[in-house]
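K.L.:
Let me give you the structure first, and then I'll get to my questions.
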Amino acid sequence: MQKKISDIRNEYSKASLDEADVGSSPLDFFKVWFEQAVHSEVLEPTAMTLATIREDGIPDARIVLLKGIENQGFQFYTNYSSSKGKALESNPNASLVFFWPELERQVRIRGKVSKVSRENSANYFHSRPFESQIGALASAQSDPVQDRSVLEKHFEELRSKYEGKTVPLPETWGGYILDPSEIEFWQGRRSRLHDRILFRKEGGAWTKTRLQP
């Protein structure tokens with residue numbers, strides 16, 4: 001590398017964040033920031049890091065896509081038998097992180113995850129493109145496979161089988177919703193004096209605190 005990793009840095013200066021800006025509802029303010037990310041043509045505004053704890057106690061993280069903010073929670077879909085599904089089965093505590101570098105913003109969310117209804121999962125599954133439905137049916141997510149050709153062959157067999165038909169919702173596929181207990185908004189500022197506003201749910205009500213960067 002021509003440039004040392006430790007020398008790579010950016011100075012943030014696009015915006016500021018005051019307590020008055022965020023109001024009293026972190027979910028309402030998240031929606032404001034999310035809409036701004038969409039309108040600013042952030043590359044992947046729905047992309048979020050989902051962090052879980054494996055059954056052996058080791059933390060794990062991956063990128064998933066937000067698919068809704070329903071019933072005061074953050075919704076996403078996956079295979080329940082995947083590594084993340086098994087982790088959430090043993091420990092429903094999880095966290096989410098959104099990073100929108102184009103806006104110099106980050107949102108950290110902590111809470112408990114539960115499954116959405118089967119009806120909800122089916123409605124979303126059948127709203128997806130046909131080939132995405134087939135992909136979910138063909139893949140036993142996180143399980144080993146001999147090589148890619150095995151997976152592709154199974155995919156083609158299922159695509160031919162269900163062409164023009166309703167693809168069945170896999171038993172192991174569905175949605176989760178994270179009910180937040182903490183939401184922190186981070187706005188990059190100059191000289192590393194970033195703005196951080198933390199909401200914490202206490203007794204069903206949200207409290208708001210400014211944190212030092």
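The values are calculated or read from the model by the stated rules, or taken from the named source; none is laboratory data. What you see is a predicted model, and the numbers here were worked out from it, not measured in a lab. With ideal geometry, Cβ positions are generated from the backbone for all residues, glycine too; neighbour counts draw on all protein chains shown.
K.L.:
Which ones in segment 130-157 are buried (at least 17 other Cβ atoms within 10 Å of the Cβ) and free of Cβ contacts under 8 Å to residues at least 60 places away in the same chain?
P.N.:
Listed by number, the residues that qualify are Q133, I134, A136, L137, A138.
K.L.:
While we're here: Under the condition of being outside any strand (DSSP E or B) and not hydrophobic (A, V, I, L, M, F, W, C), which residue from segment 46-76 is modelled with the lowest pLDDT?
P.N.:
Top of the filtered list is N71.
K.L.:
Right, something else. Looking for something in contact with a strand residue (DSSP E or B) (Cβ under 9 Å, 6 or more places away or on another chain) and over 27 Å from H194 (Cα atoms) - is there at least one such residue anywhere in segment 48-55? If you could, list the steps in order and put the result at the bottom.
P.N.:
Of all residues in segment 48-55, those in contact with a strand residue (DSSP E or B) (Cβ under 9 Å, 6 or more places away or on another chain) come to 48-54.
Remaining after also requiring over 27 Å from H194 (Cα atoms): 53-54.
Within segment 48-55, one or more residues are in contact with a strand residue (DSSP E or B) (Cβ under 9 Å, 6 or more places away or on another chain) and over 27 Å from H194 (Cα atoms).
K.L.:
Tell me yes or no: at least one residue of segment 15-24 is farther than 19 Å from E184 by Cβ, surrounded by 14 or more Cβ atoms within 10 Å (Cβ to Cβ), of a type in the set (A, V, I, L, M) and in contact (Cβ under 8 Å) with a residue 24 or more places away in the chain. Give the steps one after another, and end with the answer.
P.N.:
The initial filter retains those residues of segment 15-24 that are farther than 19 Å from E184 by Cβ, namely none.
The answer is no, given that none of the residues of segment 15-24 is farther than 19 Å from E184 by Cβ, surrounded by 14 or more Cβ atoms within 10 Å (Cβ to Cβ), of a type in the set (A, V, I, L, M) and in contact (Cβ under 8 Å) with a residue 24 or more places away in the chain.
K.L.:
Kindly evaluate L88 against the criterion of being touching a helix residue (DSSP H, G or I) at 6+ places or on another chain (Cβ under 8 Å) and closer than 27 Å to A61 by Cβ.
P.N.:
Working: touching a helix residue (DSSP H, G or I) at 6+ places or on another chain (Cβ under 8 Å): no; closer than 27 Å to A61 by Cβ: yes.
No, not satisfied.
K.L.:
Same structure, new question: Please count how many residues of segment 44-66 are more than 19 Å from W33 (Cα to Cα), touching a residue at least 40 places away in the same chain (Cβ under 8 Å) and out of contact with any Leu (no Cβ under 7 Å at 6 or more places or on another chain).
P.N.:
2
K.L.:
Spot the failing condition for S114; the list is (1) at pLDDT below 95; (2) out of contact with any helix residue (DSSP H, G or I) (no Cβ under 8 Å at 6 or more places or on another chain); (3) at negative phi, and only one is missed.
P.N.:
Here S114 clears every test but (1).
K.L.:
A follow-up question, please. If D28 satisfies every condition in (1) more than 26 Å from G174 (Cβ to Cβ); (2) surrounded by 13 or more Cβ atoms within 10 Å (Cβ to Cβ); (3) among the charged types (D, E, K, R) but one, which is the exception?
P.N.:
Unmet for D28, out of (1) more than 26 Å from G174 (Cβ to Cβ); (2) surrounded by 13 or more Cβ atoms within 10 Å (Cβ to Cβ); (3) among the charged types (D, E, K, R): (2).
The rows are residues; the columns are (1) under 21 Å from K31 (Cβ atoms); (2) assigned to a helix (DSSP H, G or I).
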site	(1), (2)
G111	yes, no
E119	no, yes
R128	no, no
V145	no, no
E156	no, yes
T166	no, no
D179	yes, no
W206	yes, no
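K.L.:
Something else: Can you confirm whether Q72 is exposed (fewer than 13 other Cβ atoms within 10 Å of the Cβ), of a type in the set (S, T, N, Q) and outside the structural domain of G204 (by TED's automatic domain parsing)?
P.N.:
Values: exposed (fewer than 13 other Cβ atoms within 10 Å of the Cβ): yes; of a type in the set (S, T, N, Q): yes; outside the structural domain of G204 (by TED's automatic domain parsing): no.
Criteria not met by Q72.
K.L.:
May I ask you to list the residues in segment 185-197 that are surrounded by fewer than 17 Cβ atoms within 10 Å (Cβ to Cβ) and of a type in the set (A, V, I, L, M, F, W, C)? Give the steps one after another, and end with the answer.
P.N.:
Narrowing segment 185-197 to residues surrounded by fewer than 17 Cβ atoms within 10 Å (Cβ to Cβ): 190-193.
If the condition is that a residue be surrounded by fewer than 17 Cβ atoms within 10 Å (Cβ to Cβ) and of a type in the set (A, V, I, L, M, F, W, C), then L193 is the only one that fits.
K.L.:
Restricting to segment 158-184, and then to whatever is more than 30 Å from K201 (Cβ to Cβ) and of a type in the set (V, I, T), can you tell me which residue is surrounded by the fewest Cβ atoms within 10 Å (Cβ to Cβ)?
P.N.:
Step by step, filter segment 158-184, then rank; the result is T166.
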